[in-house]
């Protein structure tokens, strides 16, 4: 099983933004700190999950457990619905990738359990140079 921890961060609304992805399991450990275009925090969270799913799909077709500290993102995936038009495209892609796994789970976790992905997202903001 792969555990995929994701976080998005924005310094402003919109502002410099980054995503952090920490994947572990099945002999893998992957850390990604990636700057993204300036956006708001909710959008950064969706982008982080999408990128995390893309990376997980490169590593397995088996069991994937995604973890996010964004209640908005977790609820959207669990309910397969989001109101925000911009987020609908991200959600569609996330759900499509999720179907490629044998089993896919998503779980909300508190900030203190998502420190690795949070640190990577903050690092990405500073890498952006925007």
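Could you check the range 10-49 and list, in sequence order, the residues that are part of a loop (DSSP other than H, G, I, E, B) and closer than 26 Å to residue 80 by Cβ? Before the answer, list the steps.
Step one: of the range 10-49, the residues part of a loop (DSSP other than H, G, I, E, B) are 13-14, 26-27, 40.
40 - this is the single residue of the range 10-49 that is part of a loop (DSSP other than H, G, I, E, B) and closer than 26 Å to residue 80 by Cβ.
Test residue 68 against the criterion of being at pLDDT below 95, closer than 16 Å to residue 10 by Cα and touching a strand residue (DSSP E or B) at 6+ places or on another chain (Cβ under 6 Å), and give yes or no.
Values: at pLDDT below 95: no; closer than 16 Å to residue 10 by Cα: yes; touching a strand residue (DSSP E or B) at 6+ places or on another chain (Cβ under 6 Å): yes.
Spelling it out, it is not the case that residue 68 is at pLDDT below 95, closer than 16 Å to residue 10 by Cα and touching a strand residue (DSSP E or B) at 6+ places or on another chain (Cβ under 6 Å).
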Worksheet entry | Options 101, 81; residue that is assigned to a loop (DSSP other than H, G, I, E, B), touching a strand residue (DSSP E or B) at 6+ places or on another chain (Cβ under 7 Å) and farther than 20 Å from residue 31 by Cα | 101
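Any residue at all in the range 85-98 that is out of contact with any helix residue (DSSP H, G or I) (no Cβ under 8 Å at 6 or more places or on another chain), within 17 Å of residue 67 (Cα to Cα) and either touching a residue at least 40 places away in the same chain (Cβ under 8 Å) or surrounded by fewer than 12 Cβ atoms within 10 Å (Cβ to Cβ) (or both)? It would help to see each step written out before you state the result.
First, pick out the residues of the range 85-98 that are out of contact with any helix residue (DSSP H, G or I) (no Cβ under 8 Å at 6 or more places or on another chain): 85, 88-89, 92, 96.
Now restrict to residues that are within 17 Å of residue 67 (Cα to Cα): none.
Checking the range 85-98: not a single residue is out of contact with any helix residue (DSSP H, G or I) (no Cβ under 8 Å at 6 or more places or on another chain), within 17 Å of residue 67 (Cα to Cα) and either touching a residue at least 40 places away in the same chain (Cβ under 8 Å) or surrounded by fewer than 12 Cβ atoms within 10 Å (Cβ to Cβ) (or both).
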Worksheet, complete the sentence: Considering the range 42-72, residues that are without any contact (Cβ under 8 Å) to a residue 40 or more places away in the chain and in contact with a helix residue (DSSP H, G or I) (Cβ under 9 Å, 6 or more places away or on another chain), and then whichever is surrounded by the fewest Cβ atoms within 10 Å (Cβ to Cβ), we arrive at 72
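The values are calculated or read from the model by the stated rules, or taken from the named source; none is laboratory data. Owing to the predicted nature of the structure, the values given are computational and were not obtained by experimental measurement. Cβ sites come from the backbone with ideal geometry, for glycine too, and all protein chains shown count toward neighbours.
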